[in-house]
Amino acid sequence: MKLRLKNIVLIGFAFLSVMILWQGYNWCVPLLLDDKLTEFFEQMLGHSDFTTFIIGSVMGLDNFLALFMIPFISKLSDRTHTVIGKRVPFIIVGLPVALLAFAAIPLFENGSLLTIAILLLLIIMAMNVYRSPAVALMPDITPKPLRGRGNAVINIMGGIGTGLGYIICYIASDNLLNAPRIVPFLSISVIMFICLVIVVFFVREDRFRKEMLEDVRSYAKKTGTKASVYIGEDDDSEQAPDIDEKSSRKFRGSLLFLLASILFYYMSTNAVESFMSLYSRDILGSESHGIEMMAVLAVCNFAFMLPSAFFAEKIGRNKVMRIGCILMAAGSLTLCFITEFSYWMMVPFGIFGIGMSLMITNMYPAIVSYCGRKDYAKFTGYYYTATMLAQAITPMLVGLVTSKLINSDMRMLMPYACFFMILCAVMQFFVKETNNTENKKIITEENTGE
């Protein structure tokens with residue numbers, strides 16, 4: 001049984017577009033809102049004490065929409081059948097709307113706050129139309145034992161998108177080009193358009209899935225096993241197994257603890273991603289310093305994507321994720337005691353990035369291990385519901401704990417991130433490891449070419 005790397009890379013361009021957009025959104029939008037809201041409150045109230053709280057509210061409120069959209073879109077995607085597949089239709093609708101709305105933001109920079117808010121809302125709506133279906137493509141076309149590697153490849157594509165976003169923002173930052181705000185917005189939109197072209201012309205969802213089924217059936221015939229073991233469906237009826245029957249009480253409990261861990265993970269990481277541009281400017285003294293630190297985080301994250309999958313195959317996903325939580329907690333704890341810029345900050349940021357890789361590579365495969373094939377998007381929806389709930393709540397909380405309303409500032413960002421990473425680690429210790437003995441056997445045979 002083999003991983004069809006080319007197919008995984010091609011579908012990964014959809015996730016690349018999500019991550020480059022997310023990076024540009026999280027870096028550029030808080031700076032834009034800070035400028036506009038500070039001016040607005042100074043004129044209206046004579047002070048700007050509310051600015052960071054309102055920025056957090058704006059960055060979070062749009063994600064509440066995702067809590068309603070993601071389960072609906074996920075279920076709809078599971079039930080969709082078209083000539084171009086189940087997931088691709090959502091990608092070719094959502095992606096172009098998201099890139100056009102993102103490109104339009106700087107054009108209305110001098111317009112009303114309402115116009116910018118509508119564009120931000122449109123971006124989130126469009127992203128939610130295609131994000132969950134795009135990710136669900138991976139388990140659709142990948143045998144169960146190889147999904148850890150498949151997810152690592154998808155996350156590498158996402159890491160490339162994140163890296164491109166950092167590079168674009170860094171080049172346009174105050175210490176380099178100090179370019180007009182339209183430059184990063186337009187550059188990111190162009191790359192998203194290239195991703196759209198690749199998906200439209202090169203991703204053949206139904207063909208990719210048929211190739212996977214042929215591989216699985218050939219392997220099952222050779223080994224005298226059932227194909228359903230590797231694709232999560234009954235060979236004859238093509239029906240997904242019953243979730244309640246599949247998931248015993250202890251595994252349902254583990255699923256809830258895993259979802260809680262994912263929630264706290266994103267409460268921590270989204271806080272850093274959403275406010276790093278303001279933290280960099282206010283605490284580190286320059287936007288470019290923050291991008292340098294986040295670039296180190298991204299490089300370490302990227303470098304450990306595939307090793308994270310291999311470690312999980314050797315010692316189990318849960319152990320790898322627990323190590324990741326501990327590394328992230330240690331990195332963020334160290335940053336709590338650093339209040340001035342130093343290149344030594346690269347060390348804890350790098351440790352944080354390695355921990356992120358160990359976590360993010362294995363969280364999604366762990367979630368879909370609890371379901372059958374026909375529910376991949378549904379369980380992907382559970383995953384993204386947890387992530388979006390975190391991203392809806394955490395910007396408002398960070399905006400409050402770093403605001404002048406409670407006589408605070410951006411120095412509270414890292415303690416906030418550390419607190420939720422500790423909660424994430426605690427939840428991980430209640431998640432039970434699933435039995436993947438068969439998976440290890442298949443992976444070993446795949447590695448030796450048997």
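Report in % the part of the accessible area of the chain that belongs to carbon and sulfur, leaving out ligands and nucleic acids; probe 1.4 Å.
The value for the chain is 66 percent carbon and sulfur by accessible area.
Which of rounded, prolate, oblate describes the stretch 256-312, given a ≥ b ≥ c as roots of the alpha-carbon gyration tensor eigenvalues and a/c under 1.5 marking rounded, otherwise prolate only if a/b is larger than b/c?
oblate
Looking only at Cα atoms, what is the convex hull volume of the stretch 344-425 per residue, in Å³?
Here the figure is 98 Å³ per residue.
Whole-Hz ³J(HN,Hα) for each residue in the stretch 419-431, computed from phi via Karplus 6.51 cos²θ - 1.76 cosθ + 1.60 with θ = phi - 60°, x for glycine and proline: what do you get?
Once rounded to whole Hz, the list reads 4, 6, 5, 5, 4, 4, 5, 4, 4, 4, 6, 9, 8.
When the chain is treated as a GNM, springs tying every alpha-carbon pair under 10 Å, which of I198, I105, I156 comes out with the largest mean-square fluctuation?
Of I198, I105, I156, the most mobile in the Gaussian network model is I198.
Could you give the angle, 0 to 90 degrees to the nearest 10, between helix 437-448's Cα long axis and the longest principal axis of the Cα atoms of the chain?
Between the helix axis and the principal axis of the chain, the angle is about 90 degrees.
Just to verify a number: what accessible area does T223 come out at with the full protein assembly present, 1.4 Å probe, Å² rounded to tens?
50
Pairs of Cα atoms under 8 Å, at least six residues apart: use those to get the relative contact order of the stretch 311-400, whole percent.
27
Where does helix 147-171 land angle-wise versus the long Cα axis of the chain, in degrees 0 to 90, nearest 10?
Orientation of helix 147-171: about 20 degrees from the principal axis.
Residue by residue through the stretch 86-91, which ³J(HN,Hα) values in whole Hz follow from phi under the Karplus form 6.51 cos²θ - 1.76 cosθ + 1.60 (θ = phi - 60°), with glycine and proline marked x?
Each residue's phi maps through the Karplus curve to give 8, 9, 4, x, 5, 5 Hz.
Arrange the residues R181, R87, R217 by how much accessible surface each exposes, largest first, with a 1.4 angstrom probe.
The residues order as R217, R181, R87, largest area first.
Tell me the relative contact order for the stretch 112-214 as a rounded percent, counting alpha carbon contacts under 8 Å between residues six or more apart.
28
Hey, what does the equivalent ellipsoid look like for the stretch 85-231, semi-axes from the Cα gyration tensor as sqrt of 5 times each eigenvalue, largest first, whole Å?
Calculated on Cα positions only, the semi-axes equal 39, 17, 11 Å.
What is the helix-to-structure angle for 249-279, meaning the angle in degrees between its Cα long axis and the longest Cα principal axis of the chain, kept from 0 to 90 and rounded to the nearest 10?
Approximately 30 degrees, to the nearest ten.
At q = 0.08, 0.12 Å⁻¹, what base-10 log of I(q)/I(0) does the Debye formula yield for the chain when every alpha carbon is treated as an equal point scatterer in vacuo?
-0.44, -0.99
Given H placed on each backbone N at 1.01 Å, which residues far from S408 in sequence or on other chains put an amide H within less than 5 Å of it?
Under 5 Å from the amide H of S408 lie the amide H atoms of S403, each far enough along the sequence or on another chain.
Taking H placed 1.01 Å from N in the peptide plane, check which residues at least 5 places from F341 or on another chain put their amide H under 5 Å from its amide H.
none
Just from its helices, what would the mean residue ellipticity at 222 nm be for the chain, if runs of 4 or more DSSP H residues each count -39500 (n - 2.57) and the sum is divided by every residue, rounded to the nearest 500 deg cm²/dmol?
Estimated from H runs of four or more residues: -26500 deg cm²/dmol.
From the phi of every residue in the stretch 51-57, what ³J(HN,Hα) in whole Hz does the Karplus formula 6.51 cos²θ - 1.76 cosθ + 1.60 yield, where θ is phi - 60° and glycine or proline is x?
Those phi angles translate into 4, 5, 5, 5, 4, x, 5 Hz.
Give K86/K314; K75/K314; K144/K319; K6/K86; K144/K432 a once-over and call out the pairs whose C-alpha atoms are over 22 Å from each other.
Going by Cα-Cα distance, K86/K314; K75/K314 fall outside the 22 Å limit.
Compute the relative contact order of the chain as a whole-number percentage, counting only Cα pairs closer than 8 Å that sit 6 or more residues apart in sequence.
27
Sort 114-127, 158-171 for me by packing, meaning the mean count of neighbouring Cβ atoms within 10 Å per residue, highest on top.
Order by mean packing, descending: 158-171, 114-127.
The values are calculated or read from the model by the stated rules, or taken from the named source; none is laboratory data. If you're wondering where the values come from, they're calculated on a predicted model, not measured in any experiment. With ideal geometry, Cβ positions are generated from the backbone for all residues, glycine too; neighbour counts draw on all protein chains shown. Note: accessible area is taken over every heavy atom of the protein model, side chains too, but ligands, DNA and RNA are not part of it. Shrake-Rupley method; radii C 1.70, N 1.55, O 1.52, S 1.80 Å.
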